[in-house]
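Values in this text are rule-based calculations from the coordinates and carry no lab data. The structure presented is a predicted model; accordingly, all values stated were derived computationally and were not measured. Neighbour counts are summed over all protein chains in view; Cβ atoms, including those assigned to glycine, are modelled from backbone coordinates with ideal geometry.
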Ligand SMILES: Nc1nc2c(ncn2[C@@H]2O[C@H](COP(=O)(O)OP(=O)(O)O)[C@@H](O)[C@H]2O)c(=O)[nH]1
Ligand SMILES: [Mg+2]
């Protein structure tokens, strides 16, 4: 492995967490809901264990970052690992990242209904 | 919580750690951003409507640099850390809305453009004692094409008490942008702000679907 510092503000800890990688999986939006597909097992990296514990219920990427006290970018890297090995699945938001996708009236009506019932 | 967690160890029980997990049916995350200057009441607004205590997180942004430092080395990158807080509203079994409180300063917008793409819309929170803070946010949202409403968080010690018409004029806000009063501390008021925004989004979508 080439050892290069990761650009994450606190290099030492975050280097360890990500194994020196700095490229995150961009498919994970802030509000992508992550679902664990297995229980943590022996020998797993502690951050992976924690994610799998949290994701016994669907959990948004941003909530994972807050709970792990790690920057979003780092969490995306960790999620990429778990996704690649089939340990999690991801429920991505319906609204795409591009500004071209506008919410339709049916979706907005559902949102309005939910808010009014608060 | 439901029976689904009954066989999990106590240490991993989300309720035991103070977390309120989503239901298993949750499948669609949505975003609304609250922008405004420091101390305008963003966190207060998020807290008043959120079903969870607002959580804090941060993003580290690395920008490809163009500079050359004193030693003649090309400085490849600059790193900026931006913190933001957020809350959550479960709209129904399947849909969950996340509210992000984000400082509106100019130097952070490169980050918002990326982090908050795909948002439904934005709330610009205004403190009339410091209206300057709002201009940049409004300008940027207009430019970005993100629909928004402006909510004036009324502080008790605001002696001037400008009317909404005066504020609209001062902000050079077009008539099509909803402008309302709010008290960020009050849940019903915060809820009204969100309903006003989503109603506005609905009208926009309706107009667009009607005119193909
Ligand atoms: N009197 C009054 N105080 C408020 C109101 N909204 C927020 N505050 C207070 O103003 C301070 C800053 O609010 P905060 O939500 O942290 O601002 P933020 O920096 O935009 O997140 C806090 O001490 C709040 O309690 C309001 O509507 N009226
Ligand atoms: Mg705040």
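With N set to the residue count of region B:14-210, report its C-alpha Rg divided by 2.2 N^0.38 Å to two decimal places. Can you show the working numbers first?
Details: Rg = 18.5 Å, N = 197, 2.2 N^0.38 = 16.4 Å.
Rounded to two decimals, the normalised Rg is 1.13.
Measuring nothing but how far apart in sequence close Cα pairs (under 8 Å, 6+ apart) lie, relative to its length, region B:88-212 scores a relative contact order of 22 percent.
In whole angstrom, note down how far apart the Cα centers of region B:99-167 and region A:26-66 are. Between the Cα centre of region B:99-167 and that of region A:26-66, the gap is 33 Å.
Rank these for me by crowding, B:148, B:86, B:116, going from fewest to most other beta carbons within 10 Å.
Details: B:148 23, B:86 27, B:116 19.
Exposure proxy ranking, most exposed first: B:116, B:148, B:86.
Its alpha carbons give region A:12-116 an Rg and a Dmax of 15.5, 48 Å.
What FRET efficiency comes out for the pair residue B:58/residue B:170, r = Cβ-Cβ distance, R0 = 41 Å, nearest 0.05? Provide the component values of the computation, followed by the final result.
Numbers: r = 33 Å, r/R0 = 0.81.
With R0 = 41 Å, the Cβ-Cβ based efficiency is 0.80.
Neighbour counts of C-beta atoms inside 10 Å place B:32, B:52, B:180 in the sequence B:180, B:52, B:32, starting with the fewest.
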